[in-house]
Amino acid sequence: MEKYKMLVISDSHGYSELARKAIEKEKPFDMLIHCGDLEGTISSITGEGPTYDVKVVRGNCDNGNSLPIDEEFKAGFFKVWVNHGNKYNVKYENKLNTLIAAAKSRCADLVFFGHSHYAEVFKDEATEIVCVNPGCIGNPKMSGNKSTYAVVTVTDDYEILSEIKEIEL
């Protein structure tokens with residue numbers, strides 16, 4: 001069975017040490033995805049010349065940079081949409097209705113987002129869209145003294161396997 005492993009982080013807010021720890025803990029993987037509020041450069045997290053693909057989107061705190069607002073790509077059989085979440089009311093909607101509607105209009109199967117600093121995996125029963133918020137990998141004081149990330153693996157058996165993990169301080 002073929003697998004494609006993605007390490008998903010968000011809201012590092014200029015703190016790269018815990019993100020680097022997550023990378024070392026989860027290697028090998030195929031892609032690193034940062035869902036915004038980087039507040040720095042991705043190379044401060046990845047180093048020069050990473051051996052995996054990297055996707056980064058702009059968050060509401062990433063002013064004055066040229067990062068894209070969102071990214072869309074294929075991971076195995078699945079269409080993935082990455083955004084920060086701030087434009088889709090993710091802090092205020094329990095069922096993520098605005099985010100789900102936007103994902104549906106993009107024909108996305110899997111959505112990665114951040115912004116709320118609250119780690120969660122949510123599958124919308126009506127659309128079967130899987131939404132993953134990895135939480136906050138940055139300063140743990142910003143997220144209830146926890147730094148979290150997600151590992152998402154897609155398989156050629158049409159499975160999406162998602163896990164939220166805490167990084168030890």
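In region 1-31, what count of residues is obtained for those that are in a strand (DSSP E or B) and not hydrophobic (A, V, I, L, M, F, W, C)?
Looking only at that region, the number is 3.
Can you spot a residue in region 32-51 that is part of a helix (DSSP H, G or I), within 14 Å of the chain's Cα centre (by Cα) and either touching a residue at least 24 places away in the same chain (Cβ under 8 Å) or surrounded by 16 or more Cβ atoms within 10 Å (Cβ to Cβ) (or both)?
no
Here are some residues: 54, 111. Which one is in a strand (DSSP E or B), surrounded by fewer than 17 Cβ atoms within 10 Å (Cβ to Cβ) and in contact with a helix residue (DSSP H, G or I) (Cβ under 8 Å, 6 or more places away or on another chain)?
54
For the condition of a type in the set (D, E, K, R), outside any loop (DSSP other than H, G, I, E, B) and in contact (Cβ under 8 Å) with a residue 40 or more places away in the chain, what is the one hit in 165, 74, 104?
Only one candidate passes the filter, namely 165.
Evaluate the following for residue 11: is it surrounded by fewer than 22 Cβ atoms within 10 Å (Cβ to Cβ), modelled with pLDDT of 95 or more and closer than 24 Å to residue 153 by Cβ?
So residue 11 fails the test.
Would you tally the residues in region 117-134 being assigned to a loop (DSSP other than H, G, I, E, B), surrounded by 15 or more Cβ atoms within 10 Å (Cβ to Cβ), at pLDDT 95 or above and not aliphatic (A, V, I, L, M)?
2
Out of region 135-162, which residues are assigned to a loop (DSSP other than H, G, I, E, B) and aliphatic (A, V, I, L, M)?
137
The values are calculated or read from the model by the stated rules, or taken from the named source; none is laboratory data. Just so it is clear, the structure is predicted and the values come from calculations on it, not from any experiment. Virtual Cβ from ideal backbone geometry, glycine too; neighbours counted across all protein chains shown.
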